[in-house]
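Undergrad: Below you will find the structure I want to go over with you.
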Amino acid sequence: MTTAPANANATAQPAMRLRELVFGAACAAAVRAAARLGVADVLDDTPADVTELAARLNTEPRQLRRLLRALTCYGLFAETGDDRFEHTEMSLLLREDAPNSLRHIALWCTEPWTWEAWPKLDEAVRSGRNVFPELFGKEFFDYLHSDAGDSAKVFDKAMTTSSRQSAEDFADYLDLTGIDSVADIGGGQGHVLASLLEKHPALHGTLLDLPKVVAGADSRLQDGGAFSARARLVPGDCRVDIPVRADLYIIKNILEWDDDSTRRTLANVVAVARPGARVVVVENLVDNSPSMRFTTAMDLMLMLNVGGAKHSEESMIRLMQEAGLDVAEVRPVNPYLHAFEAAVRV
């Protein structure tokens, strides 16, 4: 009888985990396939037979079974026996009609260009440059809007979904005692501003973003919208100028460029704001966060596609202080976001 080495169990687990990690693309591809096929949308509240699901989806039953079985290993869908599958809390998030749907986020993070960019990560690390122009002949957003229209649509839906979900969390987080006016800098379609104006009937707000972005602002902020009397839309580039005075400046999830661009944006706020004005910067952090696997993955994607980076708590505080902001505290907004509470130095 052969006796296994005493450390066999200790070495087997890391070895198997590493094998799983290097097959991570299979997991991402399986999630993408389920989202594109609409599996979560056709599966209702009761377990369904694979053959029945395949008929609804116009797929081959055997291949669908293999896809679902792989996904159950990660907690997406569950097998109940008799060739039947049911929803889990995670798979419900892939439904188009889910209140906090992540379907478009799942599609965005697995778009075709990502499969060409990820293998170049070692080059990005070695050179310190984003690899996107070398791969596609254009900068990321130029490529997205000129050569990859379908991907651009997925991006817009993913960003809109993400912004709406985090806007509600941020509106609940933010204490606006003593605040009469707020400026959302680089605020996209203005979901954060709209949430704040809805929650605080006396508040006035300004949304500043690029002209084409502001043109598609939340309908509640536009002429004739529910908050139009209290909202101002200002087209512009926050890295160039911020012609807005307010009691509170919000800078949420846009300081992901190079440090020079981040410094210019923060400096533009300090230049226009009155001394003591409140500034809240909201970011995903690569440290001090329960979502580090997610955030560090986003950080690597930014390295590849635009040459940007997510911040650590230390790096964000340093850049804010260099710009003339006094940071009072850093607080979690939700498991993904942290708010840096600061004021313009007096």
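Undergrad: Among the residues of region 254-304, how many are touching a residue at least 60 places away in the same chain (Cβ under 8 Å), out of contact with any Ser or Thr (no Cβ under 6 Å at 6 or more places or on another chain), over 18 Å from V125 (Cα atoms) and outside any strand (DSSP E or B)?
TA: So the count comes out to 10.
Undergrad: Being in a helix (DSSP H, G or I) and without any contact (Cβ under 8 Å) to a residue 40 or more places away in the chain is the filter; apply it to region 164-187 and report the residue that is most open to solvent (accessible area, probe 1.4 Å).
TA: Applying the filter and picking the extreme gives R164.
Rundown of residues vs (1) modelled with pLDDT of 90 or more; (2) within 16 Å of F227 (Cβ to Cβ); (3) over 13 Å from the mean Cα position of the chain (by Cα), yes/no style:
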{"site": "K138", "(1), (2), (3)": "yes, no, yes"}
{"site": "D147", "(1), (2), (3)": "yes, no, yes"}
{"site": "T161", "(1), (2), (3)": "no, no, no"}
{"site": "Q165", "(1), (2), (3)": "no, no, no"}
{"site": "D169", "(1), (2), (3)": "yes, no, yes"}
{"site": "A183", "(1), (2), (3)": "yes, yes, yes"}
{"site": "G190", "(1), (2), (3)": "yes, yes, yes"}
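Undergrad: Further, regarding this structure: Identify the single condition in (1) surrounded by fewer than 17 Cβ atoms within 10 Å (Cβ to Cβ); (2) part of a helix (DSSP H, G or I) that Y74 does not satisfy, given that it satisfies every other one.
TA: The failed condition is (2).
Residue-wise test of (1) in a loop (DSSP other than H, G, I, E, B); (2) closer than 25 Å to F155 by Cα; (3) under 20 Å from the mean Cα position of the chain (by Cα).
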residue	(1), (2), (3)
E20	no, no, no
A28	no, yes, yes
A33	no, yes, no
R69	no, no, no
S91	no, yes, yes
P99	yes, yes, yes
L107	no, yes, yes
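Undergrad: Moving on. What are the residue pairs meeting all of these: first residue in region 188-217, first residue without any contact (Cβ under 8 Å) to a residue 40 or more places away in the chain and part of a loop (DSSP other than H, G, I, E, B), second residue open to solvent by 40 Å² or more (accessible area, probe 1.4 Å) and basic (K, R), Cβ atoms under 7 Å, and 6 or more apart or on different chains?
TA: L203/R230
Undergrad: Still on this structure, please answer the following. Tell me which of these A54 doesn't satisfy, since it passes every other one: (1) in contact with a helix residue (DSSP H, G or I) (Cβ under 6 Å, 6 or more places away or on another chain); (2) small (G, A, S); (3) surrounded by fewer than 16 Cβ atoms within 10 Å (Cβ to Cβ).
TA: Result: A54 passes all but (3).
The values are calculated or read from the model by the stated rules, or taken from the named source; none is laboratory data. Since the structure is predicted, the reported quantities are computational estimates derived from the model, not experimental observations. Cβ sites come from the backbone with ideal geometry, for glycine too, and all protein chains shown count toward neighbours. The area values use the complete protein model at the heavy-atom level, side chains included, leaving out ligands, DNA and RNA. Shrake-Rupley method; radii C 1.70, N 1.55, O 1.52, S 1.80 Å.
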